[in-house]
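Take a look at the structure set out below.
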Amino acid sequence: MKKITLSVLLTFIGITVFAQNTDITPEKQTKKKHPRVRPDKCPPIYVTTSTGLNNNTAIIGFSFDIPVSKNVSIDAGPGTGTWGDKVYAGVKYYLRPCHRGFAFGTGLTYCPGVYHDQHDLQTIYGTTEPVEYNKNPQTNILFAAYKYWSLGRKYNRFYIELGWSEPLNTGNKITQVAGTPMSSHTIDQLGSDSPRGRRFFIRHALISVKK
């Protein structure tokens, strides 16, 4: 009797394991990795949103990156930042077709400035008083290196950028229009917000737009 019971028990366990394997195996077979399929043609335009230190389109902005060949594109757009509104236009050369991998670029940025800005600031007498001043227009030339990666299955992408922005203006960055004269330290602090120097940002998402 014990042998019969043991045989039945082993048979039941074997059937259960077989049934479980039968249920699981087809599921495993259906899970296949689908290769990423890119479109046959490169996108005719990219819509760009970006932010960063001395960014092309300031702290918050967007631009349109338009390919003119497989290795060259023109880029332009507006934004806003510490020096008010900002516009940018430039050109990029890519080392790989379809605007991927490393790229190098140059361009111009222009900020019309901010007029009649009012703040309580330190004066030449060491006091803090309300003063009124203008942030004068600024034009810069920029040089940059880029690294692009594909994002998703199509031709969306993102990149990081590192470069240098040099002002072309020779006049004062700040012009006081009312109040007790500001201290030189205050003027230098205000001028440090002007677009210039190192440029670096790591968040730059681009979305391709189909024809």
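The numbers here are math on the coordinates, done by the rules we state, and not lab data. As the structure is a prediction and not an experimental result, all values here were calculated from the model. Methodologically, a virtual Cβ is constructed for each residue, glycine included, from the backbone with ideal geometry; neighbour enumeration extends over all protein chains shown.
May I ask you to compute the full-extension gain from residue 102 to residue 149, defined as 0.36 nm times their residue separation minus their alpha-carbon distance, rounded to one decimal in nm?
16.0 nm
Would you mind checking the range 160-184 for residues with the amide N under 15 Å from a putative spin-label position 7 Å along Cα→C-beta of residue 125?
179-183
Once amide H atoms are built 1.01 Å from N in the peptide plane, which residues 5 or more positions from residue 82, or in another chain, come under 5 Å H to H?
59
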